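I have placed the structure first, in the form of structure tokens, so that the comments after it can refer back to it.
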Amino acid sequence: MKGRIHSSAIVEGETNLGKDCLVEAFVLIRGKVQSGEGCYFGPSCLVQGPALIGNHVFFGEKTTIGFPSQQLVKQFQKGRIQAPWIKLESTRIGDECIIRSGSVIYAGSQLGNNVRMGHNVLVREQVKVGDNTTVGTGVIIDGKCAIGNKVSIQSNVYIPWNTQIEDHVFLGPNCILTNDKYAMRYPYELKGPILREGVSVGAGAVIMPNIEVGAEAIIGAGAVVTKDVPPKAIVYGVPARKHDDVPDTWKKPLE
Amino acid sequence: MKGRIHSSAIVEGETNLGKDCLVEAFVLIRGKVQSGEGCYFGPSCLVQGPALIGNHVFFGEKTTIGFPSQQLVKQFQKGRIQAPWIKLESTRIGDECIIRSGSVIYAGSQLGNNVRMGHNVLVREQVKVGDNTTVGTGVIIDGKCAIGNKVSIQSNVYIPWNTQIEDHVFLGPNCILTNDKYAMRYPYELKGPILREGVSVGAGAVIMPNIEVGAEAIIGAGAVVTKDVPPKAIVYGVPARKHDDVPDTWKKPLE
Amino acid sequence: MKGRIHSSAIVEGETNLGKDCLVEAFVLIRGKVQSGEGCYFGPSCLVQGPALIGNHVFFGEKTTIGFPSQQLVKQFQKGRIQAPWIKLESTRIGDECIIRSGSVIYAGSQLGNNVRMGHNVLVREQVKVGDNTTVGTGVIIDGKCAIGNKVSIQSNVYIPWNTQIEDHVFLGPNCILTNDKYAMRYPYELKGPILREGVSVGAGAVIMPNIEVGAEAIIGAGAVVTKDVPPKAIVYGVPARKHDDVPDTWKKPLE
């Protein structure tokens with residue numbers, strides 16, 4: 001084992017950290033964890049393998065990598081496995097990622113390179129996040145979501161199961177995507193929205209289930225989107241209506 | 001003491017854990033804590049008794065059970081008690097509960113059986129949560145709330161002091177209940193809404209203080225509810241108005 | 001070193017705690033930290049100096065004081081500094097503050113006296129918070145914000161970079177201030193709103209960038225504020241319009 005590991009840290013199992021890693025006090029790393037060079041594991045963080053971690057990754061204090069799915073927790077509760085972290089799927093964190101304090105990445109999810117997260121972010125199972133994407137503090141990404149490259153997700157955004165977000169999308173603070181059309185009153189297969197490349201969603205907007213928002217469209221702050229939105233449309237209001245087209249001089253977010 | 005307790009964990013006082021419990025690294029359990037069989041205490045979690053914990057309960061890493069009320073914190077600040085956790089009220093957690101990482105349950109609150117919580121949930125003092133209720137990530141339940149059985153609270157919902165939620169209610173993501181009619185501008189006794197059995201509230205909706213929502217009514221996403229809602233009404237918009245009745249073929253949530 | 005320090009706690013560097021401080025298990029205090037008397041450092045909390053802490057401050061479990069800016073994290077990732085906490089700016093916490101579990105204060109920010117925070121609050125760099133201000137659970141205060149005295153910020157409020165909030169302001173739960181007029185589609189210097197003395201903002205309201213809300217105005221729940229608001233006006237709706245003036249008998253919040 002190379003790098004600097006605090007005497008109170010616990011590094012178990014077949015873990016293999018690259019050179020110049022810094023493991024702080026009260027860290028617990030277990031399972032088959034393999035990391036690149038120069039990673040930082042902040043105080044009290046928890047990494048449960050199998051996990052493949054790139055170079056120069058920053059894990060703030062009290063982050064969790066490799067949280068078990070509900071199925072595994074229930075298997076533990078029924079006495080079928082000795083601990084909830086025994087049969088985890090493999091997690092992958094790309095180079096240069098920044099995962100700030102309190103954030104939790106479920107086992108089996110994958111972050112690309114240079115993903116930068118705020119604090120207390122939740123990424124559930126079977127999620128893929130592309131390269132160079134930023135995810136703000138308090139964001140929740142539920143399971144089976146696909147998030148593209150150079151996406152900018154501001155603080156407190158909620159993204160439900162089965163949502164698809166393409167490259168260069170911008171989600172303003174506290175906006176809400178939904179996936180249950182009937183609020184548990186009628187049978188419905190949960191489907192989140194599809195946000196095409198370059199869409200911008202304003203602060204606090206709500207997007208109804210299974211809606212498609214066309215490429216480069218803009219949804220105004222506080223809008224409630226109940227119908228598909230055409231590409232390059234500007235929509236706002238409750239319910240949202242089209243008021244204009246995006247001017248040709250405007251670019252895609254993070255272009 | 002039975003079960004497996006990591007050598008770095010601290011188990012103090014008159015704690016009595018049932019068989020097959022697993023206590024992970026950096027856990028602190030203190031005060032009179034009594035648990036059933038097969039419980040999991042994740043890394044860095046904190047349990048401050050008195051507490052009565054059922055069988056097969058899962059506490060994710062960094063959870064807190066037995067957080068002190070503001071009164072106790074202030075007594076400590078004034079030097080009247082030696083530590084803020086000395087005179088805690090008793091907390092009760094039912095069988096099979098799942099409390100995920102970062103969640104905090106105040107001393108004196110009670111969870112029924114099979115309550116399943118996401119991450120970073122806050123439950124303040126004098127709260128009762130019924131059986132088989134689910135509480136999403138980031139939900140805040142302030143003090144003196146009564147939450148029924150088979151309630152489904154989605155992520156990031158805010159529930160203020162003195163709120164009453166009956167059985168089979170569904171609260172969509174990020175919806176907001178309120179309890180101060182005059183926003184601190186005029187004297188007002190804080191009163192949250194009353195949500196009767198089987199109500200569904202859409203994502204991001206706001207319900208004003210002291211509103212009663214009748215049984216099985218549906219409140220649309222993004223609605224601002226300023227008046228009482230009749231049973232089985234469908235209301236939406238800003239301000240919310242009745243547009244329809246719930247069809248007879250629809251069921252209650254989680255029925 | 002005076003006070004009671006648990007044997008598992010790590011207190012490094014030139015730290016100097018006042019008498020009757022209580023340092024719990026798994027705490028890490030490092031750098032030049034100076035505290036007054038009677039402070040409480042809860043289990044697993046992290047304090048990275050330089051920091052000047054007043055008397056009778058309560059840090060709940062898993063709080064962080066002195067989180068590094070993104071610039072420092074990136075310098076660590078590039079191998080230019082040995083740890084991300086080496087060159088932190090000095091943090092200041094006034095007397096009698098209550099910082100509850102999971103909250104994070106960035107290095108270089110300043111809290112006045114008797115600031116009371118909920119859980120999982122985030123205060124980023126270069127923020128000043130005045131005396132006797134309360135900040136609810138899950139609130140995010142981004143960098144370079146100035147928050148006055150006797151401000152009441154309810155749970156889950158989002159406050160972006162470069163926001164100015166004067167004394168006696170009330171922000172209802174989940175309300176959203178914004179600072180990017182074009183949602184990353186067109187060049188714009190990020191400017192948050194200015195909330196003048198005694199303003200009240202209702203639950204879930206959205207305030208657009210660079211808006212000035214005049215003294216003692218009231219913004220209704222769920223409003224979307226797109227234009228400056230005159231002093232003492234009552235506005236609501238989407239978009240918000242003036243409907244009335246604040247009655248003379250009403251006071252400022254926390255007056």
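We did not get these values from a lab; they are worked out from the coordinates using the rules stated. Quick caveat, the model's predicted, so the values are computed rather than measured. Positions of Cβ are backbone-derived with ideal geometry, glycine not excepted, and every protein chain shown enters the neighbour counts.
Quick one: of the DSSP bridges fully inside the stretch A:150-255, what percent are antiparallel, nearest 5?
Approximately 20 percent, going by the DSSP bridge assignments.
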Local net charge near C:K191, Cβ-Cβ under 10 Å (Lys/Arg +1, Asp/Glu -1)
-1
Along the charge dipole of chain C, which of C:V73, C:I159, C:P239 sits closest to the positive end, that is, farthest toward it, with unit charges on the beta carbon of Lys, Arg, Asp and Glu (+1, +1, -1, -1)?
C:V73
Note down the net charge around C:V123, summing +1 for each Lys or Arg and -1 for each Asp or Glu among other residues with Cβ under 14 Å from its Cβ.
+4
Can you tell me how the protein assembly as shown classifies by the Cα gyration tensor, rounded, prolate or oblate, using a/c under 1.5 as the rounded cut?
rounded
For C:L52 and A:R4, extending 7 Å from Cα along the Cα-Cβ vector and measuring point to point gives, in nm, a value of 2.8 nm
Give, rounded to the nearest 20 debye, the magnitude of the charge dipole that chain A has about its Cα centre when Lys and Arg contribute +1 at Cβ and Asp and Glu contribute -1 at Cβ.
740 debye
Take every residue in peptide B:93-105, count the Cβ atoms of other chains within 10 Å of its Cβ, and give the average of those counts.
4
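Need the full-extension length gain, A:A83 to A:K181, defined as separation in residues times 0.36 nm minus the C-alpha distance. One decimal, nm.
31.6 nm
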Using a 7 Å Cα-to-Cβ projection, A:Q82 label spacings across copies, nm, ascending:
3.9, 3.9
How much space per residue, in cubic angstrom, does the convex hull of the C-alpha atoms of the stretch A:187-255 take up?
85 Å³
Hey, what's the per residue convex hull volume over the C-alpha atoms of the stretch A:116-255, in cubic angstrom?
89 Å³
Distances in nm, one decimal, shortest first, from A:K227 to the same residue in every other copy, taking the label point 7 angstrom along Cα→Cβ.
2.7, 2.7
Output field shielding_mean for A:134-140 (other chain Cβ, 10 Å radius) holds 5
Multiplying the sequence separation of C:Q70 and C:N16 by 0.36 nm and subtracting their Cα-Cα distance, what value in nm do you get?
16.7 nm
Using modelled amide H (1.01 Å from N, peptide plane; none on Pro or chain starts), what sits under 5 Å from the amide H of C:A51, excluding residues fewer than 5 places away?
C:K32, C:V33, C:Q34, C:T91
Looking only at aspartates and glutamates whose Cα falls under 18 Å of C:K251's and that sit 8 or more positions away or on another chain, we get B:D180, B:E189, C:E166, C:D167, C:E197, C:E216
Checking the table B:K181/C:K252; C:K181/C:K242; A:K227/B:K227; B:K32/C:K62 against a 18 Å threshold on Cα-Cα, which pairs fail?
C:K181/C:K242; A:K227/B:K227; B:K32/C:K62
Among C:G60, C:C45, C:Q82 the positive-end extreme of the charge dipole of the stretch C:27-87 (Cβ point charges):
C:Q82
Take each of the peptides B:172-179, A:126-133, average the number of other beta-carbon atoms within 10 Å over its residues, and list them starting from the highest.
B:172-179, A:126-133
Projected-area mean, chain B, by convex hull of Cα positions, square nanometres:
14.2 nm²
Can you list which of the trypsin sites (Lys or Arg not before Pro) found in the stretch B:29-65 are DSSP loop residues with at most 16 other C-beta atoms within 10 Å?
B:K32
Order of A:H119, C:H56, C:H6, C:H243 under a 10 Å beta carbon neighbour criterion, fewest first
C:H243, C:H6, C:H56, A:H119
Count charges around A:G237 for me, please; just the other residues with Cβ under 15 Å from its Cβ, Lys/Arg as +1, Asp/Glu as -1.
+3
